[in-house]
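So the structure is just underneath, and the comments pick up after that.
The values are calculated or read from the model by the stated rules, or taken from the named source; none is laboratory data. Not measured: the values here are computed from a predicted model. Glycine also receives a Cβ, built like all others from the backbone with ideal geometry; neighbour counts cover every protein chain displayed.
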Amino acid sequence: MSQVTLSTSDAEPAGRRERNKQRTREALIHAAMDLFAAKGYEHTAIREITDAVDVSERTFFRYFASKEDLVMSFVRDESQIFAQTIAARPPDEEPFTAIRNAYRDTSPHRGGTVDVLGLIDATPSLRAASMSYFNEHGEEIVRVIADREGVDPETDPRPRVLLGVFGMLAYLANKDWRDSGGQDAGVLMTAFDRYADQVLPALTGHWKATS
C-alpha cells in the first residue's frame, strides 16, 4: 500500500482552516461572555451571540451544543490543563504540594476565568452542570495523581482522598472569593492558601484557641 503524504501546499490550507476555526470559536465565546455580563445568561439568546460575530446559528452549533456547553467548555479546558499541570510538576514534590502548586499555576490566573467562575456561581443550572462534570470526570485527575506516585487508584484510596481534600479547599476559597465580590483572583488564591495551610493542623493533634 502506498503512503499518502501531504505536500506543503496541502498542509498550509489545512493549518489555515484550523486557525480560522479556532478564531471563530474564540469569537463566539468572547461575544457570549460580553452578552452574559450585559444581559444575564438566561436572557441571552444564541441568535444574539451569532449576530455579534456575524455568523449563522448553524455555525454556532458546529462548536457548541448549547449556551451551557459554551460555558462548560471553560470548565473542560481548565480541568484538562489542571490535570496536565499536575502531571508536569517535579516528581520530587509530594502529592499535596504538587496539586496545590498546580492550582496556583492554572485557572485562577487565566484570562477570563474569574468572569466564568462568577457566571457559574450566579447561575443555578451552570452550577449543577459544573458539579456534574467534576463528578463524572474527577477520575481523570485521580489517575494523574496515582500515576505520579506509582499507585493503583482502584486499590489505593489516597488519590481520591487527596482530590476530595483539594475540592473542599477550592470550595471554601471560592466562597470567600464570592463574599468579597468575586472580582479579584488574588483573593481566591489567598483564601486557598490560608485553608491549605490549615489542613494538617486541622487533622492532627488537639486544637488550641488562637487570639
Among the residues of the stretch 11-24, is any outside the structural domain of residue 119 (by TED's automatic domain parsing), among the polar types (S, T, N, Q) and part of a loop (DSSP other than H, G, I, E, B)? no
The stretch 160-192, subset of a type in the set (D, E, K, R) and surrounded by 15 or more Cβ atoms within 10 Å (Cβ to Cβ), residue nearest to residue 87 (Cα to Cα): 160
Could you tell me whether the stretch 130-141 includes any residue that is at pLDDT below 95 and in contact with a Gly (Cβ under 6 Å, 6 or more places away or on another chain)? no
Considering the stretch 54-73 alone, what residues qualify as being surrounded by 12 or more Cβ atoms within 10 Å (Cβ to Cβ) and either aliphatic (A, V, I, L, M) or in contact with a strand residue (DSSP E or B) (Cβ under 9 Å, 6 or more places away or on another chain) (or both)? 55, 70, 71, 72
State whether one or more residues within the stretch 180-197 are β-branched (Val, Ile, Thr), in a helix (DSSP H, G or I), modelled with pLDDT of 85 or more and closer than 22 Å to residue 141 by Cα. no
Pick from the stretch 31-47, criterion loosely packed, with under 14 Cβ neighbours inside 10 Å and part of a helix (DSSP H, G or I), ranking: modelled with the lowest pLDDT: 37
